[in-house]
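So the structure is just underneath, and the comments pick up after that.
No lab work stands behind these numbers, since they all come straight from the coordinates. Small disclaimer: the values here were computed from a predicted structure and weren't measured. Cβ atoms come from the backbone with ideal geometry, glycine included; neighbour counts cover every protein chain shown.
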């Protein structure tokens with residue numbers, strides 16, 4: 001029996017994963033335990049959980065795999081500073097103390113951190129994978145495909161920003177790469193920064209803002225900022241960017257090009273910012289589509305796997321699936337750096353140890369991404385009793401119809417069931433759910449529960465067997481990583497007056513008979529719910545459909561703005577009481593907000609969590 005721990009850490013979204021004899025046992029992000037969003041520190045708590053779930057001690061671990069090669073990354077930093085000298089001296093002076101103190105001696109640092117988990121002097125062997133190798137492994141090895149092309153796109157790893165691989169059986173073969181500083185991920189992050197959102201967390205806001213705008217700056221971007229070849233390869237004009245040498249993403253030349261300074265965070269969003277979002281989104285989609293065509297032509301493979309932060313752009317993914325040449329596309333649900341922990345562990349098993357792989361064409365190896373901790377009813381009951389909470393305990397036969405009735409009268413429910421999800425999306429284990437037929441649900445959830453920007457769209461959770469009844473989509477989208485159009489017969493045509501609206505004015509116009517999950521461009525970010533990976537959530541939606549005729553629910557992550565998704569019952573109850581959620585369901589325990597002891601409005605989260 002061989003047990004491998006994968007670790008990603010020290011940049012953002014640190015995580016741990018355990019693979020035993022080729023099977024993924026557990027995976028979790030550190031932020032869920034420490035309650036610090038995008039926590040980059042060594043994932044002590046995530047590692048403790050993974051070892052506990054695997055019923056293993058550190059002394060029984062054979063290998064520890066790290067998702068990055070720090071010495072190669074250090075080489076890139078030095079070469080970049082030399083290439084741009086004397087520019088970048090401030091950035092160089094800021095970066096070097098951290099590298100010289102910690103990152104350059106990462107192997108020793110890892111040994112010191114690992115020692116805190118060991119009960120003896122035995123230590124696992126430490127191995128390092130390349131950053132994009134970790135991404136590629138996380139995309140292909142858990143996929144349902146025997147063979148596939150793999151496309152990885154992110155900000156930057158050691159040198160690579162875009163890589164193409166082929167996978168067959170248990171082998172990965174690199175094909176080609178595009179290197180730093182030319183990066184679609186960093187280009188998108190530059191616009192994230194310029195429009196006032198936070199880099200490495202606000203990119204999905206930019207994607208959600210895009211449909212409110214007009215892509216009027218596409219030609220300017222393609223003429224001045226990035227040259228895109230017909231095959232999808234690209235080269236950026238670094239005259240406009242500061243990320244290679246400075247402390248910001250864009251510079252004065254960029255700001256002069258668009259005629260304005262960067263938007264201040266939390267300030268008013270204007271049509272200008274929406275048009276910028278629409279423009280960079282269209283450019284990104286075009287690059288992804290061209291690359292997809294090239295990769296298919298060069299490899300001749302029918303299936304595509306994707307990972308890296310750009311693979312979280314579900315709008316681009318949806319277009320590639322609908323318009324591109326591939327029969328099937330599978331995206332790693334933790335496509336960002338957290339998923340590197342899974343990829344590093346699988347790399348050791350399949351590549352370093354040369355062990356075979358047996359993919360299942362029906363189910364991938366991520367198990368619906370339900371790889372985190374779960375809590376028994378007895379644990380939850382003890383916690384609720386200890387704080388004097390008021391609740392009702394239901395049998396399963398009582399629970400699902402009860403919650404369905406609550407949802408059908410437009411109440412908002414915190415839904416806490418089973419093992420926590422791995423990756424950035426809530427998939428029905430740690431979710432806030434509601435009725436998609438409601439015309440007010442999007443506004444209520446955004447402003448009174450999530451406390452976030454009103455324009456942010458919500459995802460539909462749809463019964464997998466009913467997806468074609470509601471959306472122009474074939475196949476599965478279990479990880480909320482594909483955007484598809486709502487079926488035309490469900491859409492509500494806009495009046496002439498409504499067609500003339502601009503920007504956020506469009507928000508209050510119902511676009512379909514499922515207004516709470518239909519974005520302003522008639523699209524939706526799909527989650528197909530499957531009985532074999534999430535039977536309880538599937539049963540709830542089935543009961544809701546039996547009651548209402550609608551096989552869809554609104555699904556958003558169980559947290560307030562800036563907070564990691566909840567992990568424990570305590571996290572869930574605290575979030576429930578801080579917001580205007582109506583009900584909380586913790587496994588079989590149902591809590592009604594009106595029954596809880598009256599308490600002052602808790603605004604402490606605004607200081608506790610840094611806004612994303």
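Table for the structure above
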read-out	value
Region 378-608: radius of gyration over Cα atoms, expressed as a fraction of 2.2 N^0.38 Å	1.00
Förster-model FRET efficiency, 22 Å R0, residue 173 and residue 327, C-beta, rounded to 0.05	0.60
Inter-probe distance in nm under a simple model that places probes 7 Å from Cα toward Cβ, at residue 120 and residue 439	6.9
Ordering of 408-421, 537-550 by packing [mean C-beta count within 10 Å, highest first]	408-421, 537-550
Paramagnetic reach from residue 353 (point 7 Å along Cα→Cβ, amide N under 17 Å) across region 1-29	1-7, 17-27
Residues of region 139-180 with amide N under 13 Å of the 7 Å Cα→Cβ point at residue 229	176-179
By average C-beta atoms within 10 angstrom, highest first, the peptides 208-215, 225-232	208-215, 225-232
Förster radius 30 Å - calculated FRET efficiency between residue 454 and residue 387, Cβ distance, rounded to 0.05	0.35
Nitroxide proxy distance, nm - points 7 Å out along Cα→Cβ at residue 405 and residue 548	1.6
Per-residue [θ]222 nm for the chain (sum of -39500 (n - 2.57) over DSSP H runs n ≥ 4, rounded to 500)	-9500 deg cm²/dmol
Label-point separation in nm, residue 302 to residue 513, each point 7 Å along Cα→Cβ	3.5
Stretchable slack from residue 379 to residue 496, in nm (0.36 nm times residue separation minus alpha-carbon distance)	36.5 nm
Zone of residue 239's modelled label, taken as backbone nitrogen in region 219-233 under 15 Å from a point 7 Å along Cα→Cβ	220-227
Nearest-0.05 FRET efficiency for residue 608 and residue 112, computed from C-beta distance (R0 22 Å)	0.15
